[in-house]
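The values are calculated or read from the model by the stated rules, or taken from the named source; none is laboratory data. A quick note: this is a predicted structure, and the numbers were derived from the prediction, not measured. Quick reminder, even Gly has a Cβ in these numbers, built from the backbone with ideal geometry, and neighbours come from all protein chains shown.
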Amino acid sequence: MNSNLDKLQPYPFERLAELKSGIVPPSHLNHISLSIGEPKHPAPEFVKQVIKESIDSIGSYPTTKGTPELRDAISLWLQNRFQLGTGAINPESQVLPVCGTREAIFAFTQAMVSPAAASEAPVVVSPNPFYQIYEGAGLLAGAEVVYLNCTVENNFMPDLMNVPAEIWQRCQLLHLCSPGNPTGVVMPLEKLQQAILLADKYDFIIACDECYSEVYLEPTAPPPGLLQACNEMGRLDFSRCVVFHSLSKRSNLPGLRSGFIAGDQHLIQQFLRYRTYHGCSMSLPTQKASAAAWSDEQHTIENRALYRSKFDTVTSILSSHLNFPKPEASFYLWAETPIDDSLFAQKLYAQQNVTLLPGQFLSRHASNINPGQHRVRMALVADADECVEAALRIVQFVDSLKR
């Protein structure tokens, strides 16, 4: 048995279920869940149709590398979306389809982190709060995870410039998440370029989770990406840099389990070798549906409009009762709570039958603080009416705490 399994903490939703255990919420109120970031908008009809039309291909083994059709669609999308220019991404060597970015981020960490290459435990650096896969993958790879607190003082972005040199010297992998989960904050190009310069200086890999890049609230300000930052620096080989993207959030297709990794050719080819043994190839109907999704932008424009409308309404209801950073992207609100966040979530469920995720479930105690304490994550994924109803109930609950 891998002894590092003992280092894994319970997943946030396990802790949430325990927190709610034994509580009977009001039966006259329907349950509204804002805890899980699972898109609820309709999946595109044309994607469903492609799956139906290609279902016979399920009788053939797919390749780990994916079809040229899919890799071409991904490369073209990347070039257009991040202003990389024609031919900037080689679909043959710089793109790899994956069965959801959750498994890909985990597997990539296992393939890239090498305890044997270090005189002491290697370091994996993660933002704090974070997507729990970053931590679990690092621990199971035999690394020490170093957490960079993202707080109101640093605009909820990891402060890379104040990390001690001895940490960077041991670092093998830096996880970034932009737009951020759970904060919704977007790292500007100059911050991404800071990370690239540090990776050059200390020779580590940057894995940037950009799964929320297409859920942005300002129509004319799409979030920049790590490959875009490389391109503007003239680093056309994307050395030491990889990005992860997904159709789950962009196209409301979480059950399709489809995404990709792209960037540094050497890293992608090594990861392909790992995945060939790992056995994670995407079914052919899924690949055909994915190629169709990456080739269409209209459905993403319509999707963003739905989120924008919900955020405008919900934030107008909540802003006079709770403090939260102004949403830039993703579908989360990272709200400050007037009482302990776990107690807030528990009492809200008991009184209003609304479920939120306590912030401390998404973060760790580091540098004498837990940046998730006194915050909750709200996922505005339900339909507009439910989100508004949840916001009104939260206002009633917050008001009840003042009495």
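Taken over region 224-242, the residue count meeting the criterion of being at pLDDT 95 or above, among the aliphatic types (A, V, I, L, M) and part of a loop (DSSP other than H, G, I, E, B) is 1.
Candidates in region 352-403 are the residues that are assigned to a loop (DSSP other than H, G, I, E, B) and without any contact (Cβ under 8 Å) to a residue 24 or more places away in the chain; of these, the one that is surrounded by the fewest Cβ atoms within 10 Å (Cβ to Cβ) is 403. Taking the conditions exactly as written (out of contact with any helix residue (DSSP H, G or I) (no Cβ under 8 Å at 6 or more places or on another chain) and free of Cβ contacts under 8 Å to residues at least 60 places away in the same chain), does residue 138 satisfy them or not? Answer is no for this residue. Residues of region 75-107 that are surrounded by fewer than 20 Cβ atoms within 10 Å (Cβ to Cβ), polar (S, T, N, Q) and within 15 Å of residue 247 (Cβ to Cβ): none at all. The numbered conditions (1) surrounded by 23 or more Cβ atoms within 10 Å (Cβ to Cβ); (2) touching a strand residue (DSSP E or B) at 6+ places or on another chain (Cβ under 7 Å); (3) in a loop (DSSP other than H, G, I, E, B) are all true for residue 245 except (3).
Within region 331-345, how many residues turn out to be buried (at least 18 other Cβ atoms within 10 Å of the Cβ), out of contact with any Pro (no Cβ under 6 Å at 6 or more places or on another chain) and outside any strand (DSSP E or B)? Counting residues in region 331-345 that are buried (at least 18 other Cβ atoms within 10 Å of the Cβ), out of contact with any Pro (no Cβ under 6 Å at 6 or more places or on another chain) and outside any strand (DSSP E or B) gives 3. Among the residues of region 166-179, those identified as touching a residue at least 12 places away in the same chain (Cβ under 8 Å) and either surrounded by fewer than 21 Cβ atoms within 10 Å (Cβ to Cβ) or in contact with an Asp or Glu (Cβ under 8 Å, 6 or more places away or on another chain) (or both) are 167, 168, 169, 170, 175, 176, 177, 178, 179. I need the full set of residues from region 248-277 which are touching a Phe, Trp or Tyr at 6+ places or on another chain (Cβ under 6 Å) and either assigned to a strand (DSSP E or B) or not assigned by TED's automatic domain parsing to the domain that holds residue 98 (or both), in order please. Of everything in region 248-277, those that are touching a Phe, Trp or Tyr at 6+ places or on another chain (Cβ under 6 Å) and either assigned to a strand (DSSP E or B) or not assigned by TED's automatic domain parsing to the domain that holds residue 98 (or both) turn out to be 261, 263. Output yes when any residue across region 252-274 is at pLDDT 95 or above, over 20 Å from the mean Cα position of the chain (by Cα), under 18 Å from residue 102 (Cα atoms) and not hydrophobic (A, V, I, L, M, F, W, C), and no when none is. Among the residues of region 252-274, at least one is at pLDDT 95 or above, over 20 Å from the mean Cα position of the chain (by Cα), under 18 Å from residue 102 (Cα atoms) and not hydrophobic (A, V, I, L, M, F, W, C), which makes the answer yes.
Scanning region 189-215 for residues that are touching a strand residue (DSSP E or B) at 6+ places or on another chain (Cβ under 7 Å) and outside any loop (DSSP other than H, G, I, E, B) yields 195, 196, 199, 202, 205, 206, 207, 208, 209.
Conditions (1) outside the structural domain of residue 362 (by TED's automatic domain parsing); (2) of a type in the set (S, T, N, Q); (3) closer than 17 Å to residue 256 by Cβ; (4) part of a strand (DSSP E or B), marked per residue:
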site	(1), (2), (3), (4)
10	no, no, no, no
18	no, no, no, no
25	no, no, no, no
35	no, yes, no, no
48	yes, no, yes, no
70	yes, no, yes, no
80	yes, yes, no, no
84	yes, no, no, no
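Scanning region 304-339 for residues that are closer than 20 Å to residue 42 by Cα, among the small types (Gly, Ala, Ser) and within 19 Å of the chain's Cα centre (by Cα) yields a total of 2.
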